[in-house]
Amino acid sequence: MQKLSLVVFDMAGTTIADSGQVPDAFSTVLGRHGITVDDAALRAVRGASKRDAIRHFVAQKHSTGVDEQTDRIYTEFCDYLAQLFNSGGVKAIAGAAETFAWLRERKIKVALNTGFDRPTADLILDAVVWRNGVADTIVTGDEVALGRPAPFLIFRSMENTGVTSVHEVMCVGDTVLDLEAGRNAGVRYAVGVLSGAHGKAQLEKAPHTHLISSVADLPTLIQKQQDRKSTRLNSSHTDISR
């Protein structure tokens, strides 16, 4: 791998175990407002800004008052999701914290991104004790103009960490939108993980450089790529010396 200065990780499904709270909150709260969504429709918006996802479903049901209805449902969604998270069941993906530490030991910065708003993200971070000292920056969906597949979560992460070249950035996520955001940002590496919302068949069709089973496998991937590069360089030097 070329020089790597920043790795941008999605949260739910990538570094935080997806226990079904998010689709539960969508289905329950939208249902209260007469909007029925099936599993396929919910999977299609995974990785997106939660507000944008709700607006999408509201616009399918209503032709007027979409913004006002979206605001009401979004507030209820966040409140209901907070109740689910507070009742327990939030945990980190096995090996995630160790991967963060491995990267930071090598002076590679770590960013967490999410389509949740800041209060909801903080609930999750508190539950897994990640609020302080785990990542170099945490960027939430309400802090950028547009959520995924727009590249702004990645760009804000770069801004917050002082990384100026997208050629030194990797994004890691479990959804098609995560990988599309990486493409739109122009990052050098877009890595899909098979631990969350979208399976291998979906992620293979999305723009990516690598697919791995879990975020826990990322250090091995990076090390293997660097070892291969080192081997090629050594081989080149040997040929020249001959």
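The values are calculated or read from the model by the stated rules, or taken from the named source; none is laboratory data. These figures come from a predicted structure and were not determined experimentally. Cβ: placed from backbone, ideal geometry, glycine included. Neighbour counts: every protein chain shown. Side chains are part of the model used for accessible areas, which takes the heavy atoms of the whole protein and leaves out ligands, DNA and RNA. Shrake-Rupley method; radii C 1.70, N 1.55, O 1.52, S 1.80 Å.
When you scan the range 74-97, do you find a residue that is part of a helix (DSSP H, G or I) and among the basic types (K, R), even just one?
No, there is no match, as no residue in the range 74-97 is part of a helix (DSSP H, G or I) and among the basic types (K, R).
Could you tell me whether any residue of the range 90-105 is in contact with a Phe, Trp or Tyr (Cβ under 7 Å, 6 or more places away or on another chain), within 30 Å of P219 (Cα to Cα) and not charged (D, E, K, R)?
No, there is no match, as no residue in the range 90-105 is in contact with a Phe, Trp or Tyr (Cβ under 7 Å, 6 or more places away or on another chain), within 30 Å of P219 (Cα to Cα) and not charged (D, E, K, R).
Return the residues of the range 97-123 that are more than 17 Å from M170 (Cα to Cα) and of a type in the set (S, T, N, Q); say none if nothing qualifies.
T120
Hey, can you tell me all the residues within the range 47-68 that are open to solvent by 20 Å² or more (accessible area, probe 1.4 Å) and either in contact with a His (Cβ under 6 Å, 6 or more places away or on another chain) or at positive phi (or both)?
Of everything in the range 47-68, just one residue is open to solvent by 20 Å² or more (accessible area, probe 1.4 Å) and either in contact with a His (Cβ under 6 Å, 6 or more places away or on another chain) or at positive phi (or both), namely G65.
Of everything in the range 6-46, what is open to solvent by 20 Å² or more (accessible area, probe 1.4 Å), in a loop (DSSP other than H, G, I, E, B) and among the polar types (S, T, N, Q)? Give them in sequence order.
Of everything in the range 6-46, those that are open to solvent by 20 Å² or more (accessible area, probe 1.4 Å), in a loop (DSSP other than H, G, I, E, B) and among the polar types (S, T, N, Q) turn out to be S19, T36.
If you check V176, V134, V128, which single one turns out to be modelled with pLDDT under 95, of a type in the set (V, I, T) and over 22 Å from W102 (Cα atoms)?
V176
Every residue, every condition in (1) open to solvent by 10 Å² or more (accessible area, probe 1.4 Å); (2) within 15 Å of I222 (Cβ to Cβ), yes or no:
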{"position": "Y80", "(1), (2)": "yes, no"}
{"position": "K107", "(1), (2)": "yes, yes"}
{"position": "A111", "(1), (2)": "no, no"}
{"position": "V128", "(1), (2)": "yes, no"}
{"position": "R131", "(1), (2)": "yes, no"}
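Being crowded, with 19+ Cβ neighbours inside 10 Å and in contact with a helix residue (DSSP H, G or I) (Cβ under 7 Å, 6 or more places away or on another chain) is true for just one of F100, F116. Which residue is that?
F116
Which of the residues spanning the range 155-181 are open to solvent by less than 60 Å² (accessible area, probe 1.4 Å) and under 22 Å from R55 (Cβ atoms)?
Within the range 155-181, G173, T175, V176, L177, D178, E180, A181 meet the criteria.
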